[in-house]
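Asker: First the structure, then my questions, so here it is.
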């Protein structure tokens, strides 16, 4: 169905709040898996995934690593603020970040983070907005002791930026993340720091499932897409063509390009683990670029060129990710799957359950 036949309200649904997972499942691969490749769907457990695939299939993971990008501080006036560092700029101490503060500071303002440089923390100077004077993000230079890099400062003073719907961490006077999050809000194969949100479909994989995939003859490969906070930003316009998609950096190694080609040559299927892997692969197919920034916005009517199967969690109402999965598996099919998931008490969002989809032909 063409893009223009859909508006924002078409991707809304009622989700009982108690279905929003506040903690991860006790074991990664013990989450539920809704096999939505056909209708009616089949209720499974995630560790069954390898048995649903065929020898010669290829799974593509996003190996980004979530960084401790959430930092509390104050303005020189004493006003409280919170930073979420979206990106470290190359070659120095500059970053771009989201800022929560009652009154926005002006360029040149000095910010005191984690107590400030004089009290064991660090400072920042506001340089302006980013990517331009009217941009949504703030451009900052960080000043830590002994020339500490932004990566080192985040690791020492930051907190994991858990999603806003995980409400157990929202009191800034308390430790906003828990010990379990340090392990469970990362994939077991995370290795390239830079994300402010986890590629959540991949959180279900553990060493046992990875070993079973290998035994099954399923190949795996990696891409990197540093998930930005924009993944949680609501779409604010009913006309989808007016939505400005957030930008995220991606990279596809040569080894992965070779694995994709081998998979096609042998007639295997390409399974993207998560919407971030979909965005990466389809951005490459559309642009020919193996690295760079993508603002790809996938809505119903999009012509997929790479991905055959998609493993994904359940997404927020009216989100760009609801639009992506609807484009992939069919709008009416996704509506039916979500109705089934809600009826069967599946757990939703980042720490929730998973769903396996096949591309609509």
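The values are calculated or read from the model by the stated rules, or taken from the named source; none is laboratory data. Quantities reported herein were computed from a predicted structural model and do not represent experimental measurements. All Cβ positions, even for glycine, are placed from backbone atoms using ideal geometry, and neighbour counts span all protein chains on display.
Asker: Going by what's in this entry, would residue 301 be described as over 15 Å from the mean Cα position of the chain (by Cα), part of a strand (DSSP E or B) and assigned by TED's automatic domain parsing to the domain that holds residue 257?
Answerer: Against the criterion (over 15 Å from the mean Cα position of the chain (by Cα), part of a strand (DSSP E or B) and assigned by TED's automatic domain parsing to the domain that holds residue 257), residue 301 does not qualify.
Asker: Still on this model: Determine, yes or no, whether residue 212 is farther than 28 Å from residue 318 by Cβ and assigned to a helix (DSSP H, G or I).
Answerer: Judged against the criteria, residue 212 is a match.
Asker: Could I ask something else about it? If you go through the stretch 5-43 one residue at a time, how many are surrounded by 11 or more Cβ atoms within 10 Å (Cβ to Cβ) and assigned to a helix (DSSP H, G or I)?
Answerer: 7
Asker: Out of 145, 141, I need the residue that is touching a helix residue (DSSP H, G or I) at 6+ places or on another chain (Cβ under 9 Å), over 30 Å from residue 271 (Cα atoms) and surrounded by fewer than 18 Cβ atoms within 10 Å (Cβ to Cβ). Which one?
Answerer: That would be 145, the only listed residue that is touching a helix residue (DSSP H, G or I) at 6+ places or on another chain (Cβ under 9 Å), over 30 Å from residue 271 (Cα atoms) and surrounded by fewer than 18 Cβ atoms within 10 Å (Cβ to Cβ).
Asker: Still on this model: Need a quick list: strands (runs of 3 or more DSSP E) entirely within the stretch 44-117 having at least 3 residues that are touching a helix residue (DSSP H, G or I) at 6+ places or on another chain (Cβ under 9 Å) and either over 19 Å from residue 149 (Cβ atoms) or at pLDDT below 95 (or both).
Answerer: Hits in the stretch 44-117: 58-62.
Asker: Would you mind telling me which numbered condition in (1) touching a strand residue (DSSP E or B) at 6+ places or on another chain (Cβ under 6 Å); (2) over 16 Å from residue 73 (Cβ atoms); (3) at pLDDT below 95; (4) surrounded by 13 or more Cβ atoms within 10 Å (Cβ to Cβ) residue 161 fails?
Answerer: It is condition (2) that residue 161 fails.
Asker: Would you check which residues across the stretch 282-298 are in contact with a helix residue (DSSP H, G or I) (Cβ under 8 Å, 6 or more places away or on another chain), in contact (Cβ under 8 Å) with a residue 12 or more places away in the chain and either closer than 25 Å to residue 205 by Cα or part of a loop (DSSP other than H, G, I, E, B) (or both) and list them?
Answerer: Once the filter is applied, which keeps residues that are in contact with a helix residue (DSSP H, G or I) (Cβ under 8 Å, 6 or more places away or on another chain), in contact (Cβ under 8 Å) with a residue 12 or more places away in the chain and either closer than 25 Å to residue 205 by Cα or part of a loop (DSSP other than H, G, I, E, B) (or both), the stretch 282-298 yields 290, 296, 297, 298.
Asker: Look at the stretch 121-151 and say how many of its residues are in a loop (DSSP other than H, G, I, E, B) and within 19 Å of residue 77 (Cα to Cα).
Answerer: Count: 1.
Asker: Quick one: is residue 272 touching a strand residue (DSSP E or B) at 6+ places or on another chain (Cβ under 6 Å), within 22 Å of residue 29 (Cβ to Cβ), crowded, with 16+ Cβ neighbours inside 10 Å and assigned by TED's automatic domain parsing to the domain that holds residue 51?
Answerer: Yes.
Asker: Right, here's the next one. With respect to residue 188, is the statement that it is closer than 26 Å to residue 61 by Cα, in contact with a helix residue (DSSP H, G or I) (Cβ under 7 Å, 6 or more places away or on another chain) and in a helix (DSSP H, G or I) true?
Answerer: No, not satisfied.
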